[in-house]
1. Test residue 244 against the stated conditions and say whether it is of a type in the set (Ser, Thr, Tyr), in a loop (DSSP other than H, G, I, E, B) and either in contact with a Ser or Thr (Cβ under 8 Å, 6 or more places away or on another chain) or at pLDDT 95 or above (or both).
2. I'd like to verify a number: residues in segment 155-168 that are free of Cβ contacts under 8 Å to residues at least 12 places away in the same chain and polar (S, T, N, Q), how many?
3. Checking the conditions here, which among 283, 271 is touching a Lys or Arg at 6+ places or on another chain (Cβ under 8 Å) and at positive phi?
4. State the number of residues belonging to segment 279-296 that are part of a loop (DSSP other than H, G, I, E, B) and at pLDDT 95 or above.
5. If I filter segment 207-226 for residues that are among the small types (Gly, Ala, Ser), open to solvent by less than 30 Å² (accessible area, probe 1.4 Å), touching a helix residue (DSSP H, G or I) at 6+ places or on another chain (Cβ under 8 Å) and within 30 Å of residue 312 (Cα to Cα), do I get at least one hit?
6. Please find, within segment 272-325, the residue that is surrounded by the fewest Cβ atoms within 10 Å (Cβ to Cβ) out of those that are within 22 Å of residue 209 (Cα to Cα), within 42 Å of the chain's Cα centre (by Cα) and small (Gly, Ala, Ser).
7. Among the numbered criteria (1) in contact (Cβ under 8 Å) with a residue 60 or more places away in the chain; (2) surrounded by fewer than 19 Cβ atoms within 10 Å (Cβ to Cβ); (3) in contact with a strand residue (DSSP E or B) (Cβ under 7 Å, 6 or more places away or on another chain), which single criterion is violated by residue 175?
8. I'm trying to understand the selection: among the residues of segment 127-153, which are at pLDDT below 95 and among the acidic types (Asp, Glu)?
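The values are calculated or read from the model by the stated rules, or taken from the named source; none is laboratory data. Every value quoted in this text rests on a predicted model; they were computed, and no experiment measured them. Ideal geometry is used to build each Cβ from the backbone, glycine not excepted, and the neighbour counts take in all protein chains shown. All accessible areas refer to the heavy atoms of the entire protein, side chains included, with ligands and DNA or RNA removed. Shrake-Rupley method; radii C 1.70, N 1.55, O 1.52, S 1.80 Å.
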Amino acid sequence: MLRSSSAIRTRSIRGAAAAAVVLAVTAGCTAQAVDRGAGAGKPGDASPGELSASPVAVGQGTASASPSPSQSPSLSASPSEKPSPSEKPSEKPSKSPSPSASAESSESASPSPSPEILMQRGAKGDRVRELQARLAQIGWFDAAPTGVYGPVTAKAVQGFQTKRGLPATGATDAVTWQRLLGMTTKPTREELLGKAVRKPAAKPDPRCMKGRVLCISKTTRTLSWMIDGRVLSTMDVRFGSQYTPTREGTFDVYWKSRDHVSTLYDTPMPYAMFFSGGQAVHYSADFAARGYNGASHGCVNVRDKKKIAALFDQVRNGDKVVIYW
């Protein structure tokens, strides 16, 4: 009896101990999670980071059975698998062009408007007379201004436009007029009547400022005889055509021939001063008669016979020749 009673007591004690162990294990897992959180409340109140960071002494096997929040995949942990919204435009480009691109294409497609025509053949008046006087200042109009826009004026304007890289229409548009105004001065009464021509002075090239120099400007089509930067005389000149251009640069007069005749073209070249091969400064009867409607074969033509004769007497072999734009 006593033996059976002690056996029963022993089993009861063992059962109670087992129950206490189970209760302690269960309570320990839950309490540890709660203690690491806010100290009270439900397990779900704790943050995932706090749960994964909590060391569980007895329940680690249970925790490893289910993946912790830090081990579970998330959108923020793998951005390469699912691109952010900012990456979407590069993956799928827009089919419709942007407004700025459309505007640029429409602007490039539309042609630029032509400049306004101010004067052309058939025009008459004081403005045409001023045009002719200004063209005379830079050597493109040799007749006296008439105030009538005829074929001579149209040809002069066309030559001026060609020289400046403008559309050679022969009509005076706004662009041609502004370019002409920038290269000339307001005509005087004498110029408008054809009694005098005042050419704007060309700015001498720096190479012309020392020594004895024939300073020749292709821009103003003038030759200035200079000694040590001082201009002694100036005269109109004409150059070769695009097929026989007058050379540019610095040269020296190497031969003078007062009554020279070209052996190549069999034409007179009075008061010739040679500076580069067969090219020379000389008087031209054709230039005196036709003006800028013609061209030389490369020489520098002078149409004022008295001026070139006086220049010939002053120039020496070895004097410098500078031809520039």
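1. Against the criterion (of a type in the set (Ser, Thr, Tyr), in a loop (DSSP other than H, G, I, E, B) and either in contact with a Ser or Thr (Cβ under 8 Å, 6 or more places away or on another chain) or at pLDDT 95 or above (or both)), residue 244 qualifies.
2. Of segment 155-168, the ones free of Cβ contacts under 8 Å to residues at least 12 places away in the same chain are 162-163, 165, 167-168.
Add one more test, that the residue is polar (S, T, N, Q), and what stays is 162.
Residues flagged as free of Cβ contacts under 8 Å to residues at least 12 places away in the same chain and polar (S, T, N, Q) within segment 155-168 amount to 1.
3. On the way: 283 fails: at positive phi.
That would be 271, the only listed residue that is touching a Lys or Arg at 6+ places or on another chain (Cβ under 8 Å) and at positive phi.
4. Qualifying residue count for the region: 1.
5. Checked against the condition, which is being among the small types (Gly, Ala, Ser), open to solvent by less than 30 Å² (accessible area, probe 1.4 Å), touching a helix residue (DSSP H, G or I) at 6+ places or on another chain (Cβ under 8 Å) and within 30 Å of residue 312 (Cα to Cα), segment 207-226 yields at least one hit.
6. Among those that are within 22 Å of residue 209 (Cα to Cα), within 42 Å of the chain's Cα centre (by Cα) and small (Gly, Ala, Ser), it is 276.
7. Looking at each condition in turn, residue 175 falls short on (3).
8. Result: 142, single match.
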